[in-house]
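To start, the structure under review is shown below, and the notes come after it.
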Number of protein chains: 2
Amino acid sequence: MQRIEQHACFGGSQEVWQHRSEVLGCDMRLAVYLPPQAAQGGKLPVLYWLSGLTCTEQNFITKAGAQQYAAEHGVILVAPDTSPRGDDVANAEGYDLGKGAGFYVNATQAPWAAHYRMYDYIVDELPALVEANFPASDARGICGHSMGGHGALVIGLRNPSRYRSISAFSPIVAPSQVPWGEKAFTAYLGEDRAAWQEYDATALVAHGYARTPLLVDQGGADEFLEGQLRPQLLQAAAEASNHPLTLRLQPGYDHSYYFIASFIGEHVAWHAKALKA
Amino acid sequence: MQRIEQHACFGGSQEVWQHRSEVLGCDMRLAVYLPPQAAQGGKLPVLYWLSGLTCTEQNFITKAGAQQYAAEHGVILVAPDTSPRGDDVANAEGYDLGKGAGFYVNATQAPWAAHYRMYDYIVDELPALVEANFPASDARGICGHSMGGHGALVIGLRNPSRYRSISAFSPIVAPSQVPWGEKAFTAYLGEDRAAWQEYDATALVAHGYARTPLLVDQGGADEFLEGQLRPQLLQAAAEASNHPLTLRLQPGYDHSYYFIASFIGEHVAWHAKALKA
């Protein structure tokens, strides 16, 4: 682990680290915000943030303004990159496949299977790395935006013993049923749609995977609302399976970080309450 | 005026507008945050933000997290660009002269004098535009960072009837005495250093220009602290002329927006108090 950025921020430290990922077979960057309480000797809960299409570890830490709330609640924030990186990593034309678009799955298809194992990276390697190198407890929450909202819902639901709290902004709730997901899953997972179900939050909720309560905020003026996000699919599955879901439609808000910034304080507070319970 | 961006943000609206500047002789962009109170029919005070080297109207609105405090206090935020723009505007190699580096002066030297009149743009054209097109009162505060901190101090001090409150982050307090300022002022204003004094906050304070109280935050780990910023020069001038200055050295903080984000809430509150008095 090599630290490549460090900035004082709200009394704590916003850092960016680089490490060799064994799971992904490449060098990866991750952002870590250590709140002021991290200097006091104990271990703190961690909120993992998964970003959306085209993002790196930078977007969340520069635009969301989450550090002030992490400082208030004594929570570490960890924001990884959104795909494997490097010259020998497969890529594609377009912003919605390949680098910057890992979709938090373990790819099974060529040429992606060699490096695109973001599911295992986020579930196993990343928390182990964080808990070995920072004053981080194993009280973990997970949150994300758009493609990262999909990732947070799927990873949280499939690993209830590892994540105590789950929330999302503008998530792709049913990737099996929308163009972004169909394109990515076909490439990464192949044509057999049965293999897609374990990476589809709506399918997981419908099949009664875990009972972890979900908090989802969705902007009412989001340009991707009807074409790619369709939160009503998750809502219907949650109602059918009696899964606890708080879905909030926020009128007027779009898909940008201005939306995230406006409500991230409530998400951090919601996670902090669960992580400290 | 043409609106080119609009995002709901903390209950208000973060907008970016484009207009033809008569003063600068080019098209300019400016960012305007309208807090929720702007929809209630009255006029609101305005805090003008001047950005630093290399910035556009985007940096402050995406990275500082100021909107939440503007929403709390009912203050409009206006963030202009940092120089004239366009293919026919003179430029130079390097980040510290030409586009993105207007230094908030009226240039008198070729080839800069044709467009580089950022002082007049900020003092006259911009407030007139804002007050004609938004629910903005003439209660104005001014704040900025680095080169923009220099601009805020100079413009505020020279126009006490137009700006009720002045603050700065990491300002270039004495451009006549540091490399950034010497390079820019030589190019824009010529070799005669006497002409530089009206654009030098330390000289203005030393000569007793106005009595407007100044709030200045400076990071103790700022990489430009000793070479370019030197707040002790302003402090000495303020002490000698008995000018009210609150200079706060914030240990550990650097020159980045992580520093600004950490303290912008206190600045917005400080301006709001003065603007509503």
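Would you confirm whether or not region B:158-170 contains a residue that is within 22 Å of B:Ser21 (Cβ to Cβ) and polar (S, T, N, Q)?
To start, the set of residues in region B:158-170 that are within 22 Å of B:Ser21 (Cβ to Cβ) comprises B:158-159, B:162-163.
With the extra rule that they be polar (S, T, N, Q), the set shrinks to B:159.
For region B:158-170, residues within 22 Å of B:Ser21 (Cβ to Cβ) and polar (S, T, N, Q): present.
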Worksheet item: Give me the pairs: first residue in region A:179-200 and free of Cβ contacts under 8 Å to residues at least 40 places away in the same chain and open to solvent by less than 10 Å² (accessible area, probe 1.4 Å), second residue part of a helix (DSSP H, G or I) and of a type in the set (Val, Ile, Thr), beta-carbon distance under 9 Å, and six or more apart or on different chains, which are they?
Response: A:Trp196/A:Thr186
Worksheet item: Checking B:Leu47 against (1) without any contact (Cβ under 8 Å) to a residue 60 or more places away in the chain; (2) under 28 Å from A:Gln250 (Cβ atoms), which test does it fail?
Response: (1)
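Can you tell me which residue in region A:12-23 is surrounded by the fewest Cβ atoms within 10 Å (Cβ to Cβ), limited to those that are part of a strand (DSSP E or B) and away from chain B (no Cβ under 14 Å)? Let's see the steps before the verdict.
The first filter runs over region A:12-23 and keeps only residues part of a strand (DSSP E or B), leaving A:12-21.
When the remaining residues are screened for being away from chain B (no Cβ under 14 Å), the result is A:17-21.
Numbers: A:Trp17: 21, A:Gln18: 14, A:His19: 15, A:Arg20: 11, A:Ser21: 22.
Among those that are part of a strand (DSSP E or B) and away from chain B (no Cβ under 14 Å), it is A:Arg20.
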Worksheet item: Taking A:Glu93, is it modelled with pLDDT of 95 or more, surrounded by fewer than 24 Cβ atoms within 10 Å (Cβ to Cβ) and among the acidic types (Asp, Glu)?
Response: no
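In a helix (DSSP H, G or I), of a type outside the set (Phe, Trp, Tyr) and in contact (Cβ under 8 Å) with a residue 60 or more places away in the chain, is that true of A:Leu234? Outline the logic, then answer.
Details: in a helix (DSSP H, G or I): yes; of a type outside the set (Phe, Trp, Tyr): yes; in contact (Cβ under 8 Å) with a residue 60 or more places away in the chain: yes.
When the stated conditions are applied, A:Leu234 passes them.
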Item to complete: Determine whether B:Leu204 is under 17 Å from the mean Cα position of the chain (by Cα), farther than 24 Å from B:Pro45 by Cα, of a type in the set (A, V, I, L, M) and crowded, with 22+ Cβ neighbours inside 10 Å.
Response: yes
Discussion item. Can you say whether B:Ser170 is within 14 Å of chain A (Cβ to nearest Cβ), in contact with a helix residue (DSSP H, G or I) (Cβ under 8 Å, 6 or more places away or on another chain) and either surrounded by fewer than 19 Cβ atoms within 10 Å (Cβ to Cβ) or closer than 21 Å to B:Gly102 by Cα (or both), as far as the supplied structure shows?
Written reply: yes
Discussion item. If I filter region B:24-67 down to residues being within 14 Å of chain A (Cβ to nearest Cβ) and open to solvent by 40 Å² or more (accessible area, probe 1.4 Å), which single residue comes out as nearest to the chain's Cα centre (by Cα)?
Written reply: B:Gln58
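Residues in region A:241-265 that are more than 12 Å from chain B (Cβ to nearest Cβ), on the phi < 0 side of the Ramachandran plot and open to solvent by 20 Å² or more (accessible area, probe 1.4 Å): how many? Outline the logic, then answer.
In the first step, residues of region A:241-265 are kept if they are more than 12 Å from chain B (Cβ to nearest Cβ); the result is A:241-249.
So of that shortlist, the ones also on the phi < 0 side of the Ramachandran plot come out as A:241, A:243-249.
Those left that are additionally open to solvent by 20 Å² or more (accessible area, probe 1.4 Å): A:241, A:244-249.
Total meeting the criteria: 7.
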Response to the item:
Considering residues that are surrounded by fewer than 18 Cβ atoms within 10 Å (Cβ to Cβ) and within 14 Å of another protein chain (Cβ to nearest Cβ), the number found within region B:209-221 is 2
Worksheet item: Can A:Cys9 be described as within 14 Å of chain B (Cβ to nearest Cβ) and either among the hydroxyl-bearing types (Ser, Thr, Tyr) or in contact (Cβ under 8 Å) with a residue 24 or more places away in the chain (or both)?
Response: yes
Response to the item:
Residue hits (region B:1-11; open to solvent by 10 Å² or more (accessible area, probe 1.4 Å) and hydrophobic (A, V, I, L, M, F, W, C)) are B:Met1, B:Ile4, B:Ala8, B:Phe10
Worksheet item: Scanning for something within 14 Å of chain B (Cβ to nearest Cβ) and either part of a strand (DSSP E or B) or modelled with pLDDT of 95 or more (or both), does region A:151-164 turn up at least one residue?
Response: no
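For region B:222-235, does any single residue satisfy the condition of being exposed (fewer than 14 other Cβ atoms within 10 Å of the Cβ) and either closer than 26 Å to B:Met118 by Cα or in contact with a Phe, Trp or Tyr (Cβ under 8 Å, 6 or more places away or on another chain) (or both)? I'd like the intermediate steps shown before the answer.
At the first step, the residues of region B:222-235 found to be exposed (fewer than 14 other Cβ atoms within 10 Å of the Cβ) are B:223, B:226-227.
Then drop every residue that is not either closer than 26 Å to B:Met118 by Cα or in contact with a Phe, Trp or Tyr (Cβ under 8 Å, 6 or more places away or on another chain) (or both), which leaves B:227.
There is at least one residue in region B:222-235 that is exposed (fewer than 14 other Cβ atoms within 10 Å of the Cβ) and either closer than 26 Å to B:Met118 by Cα or in contact with a Phe, Trp or Tyr (Cβ under 8 Å, 6 or more places away or on another chain) (or both).
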Worksheet item: Mind checking which residues of region B:24-44 are more than 20 Å from A:Tyr253 (Cβ to Cβ), in a strand (DSSP E or B) and hydrophobic (A, V, I, L, M, F, W, C)?
Response: B:Cys26, B:Met28, B:Leu30, B:Leu44
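The values are calculated or read from the model by the stated rules, or taken from the named source; none is laboratory data. Treat the numbers as computed from the prediction; the structure is a model and nothing was measured. Don't worry about glycine lacking a Cβ; one is built from the backbone with ideal geometry, like all the others, and counts go over all protein chains shown. Areas reflect the complete protein model, heavy atoms only, side chains present, ligands, DNA and RNA absent. Shrake-Rupley method; radii C 1.70, N 1.55, O 1.52, S 1.80 Å.
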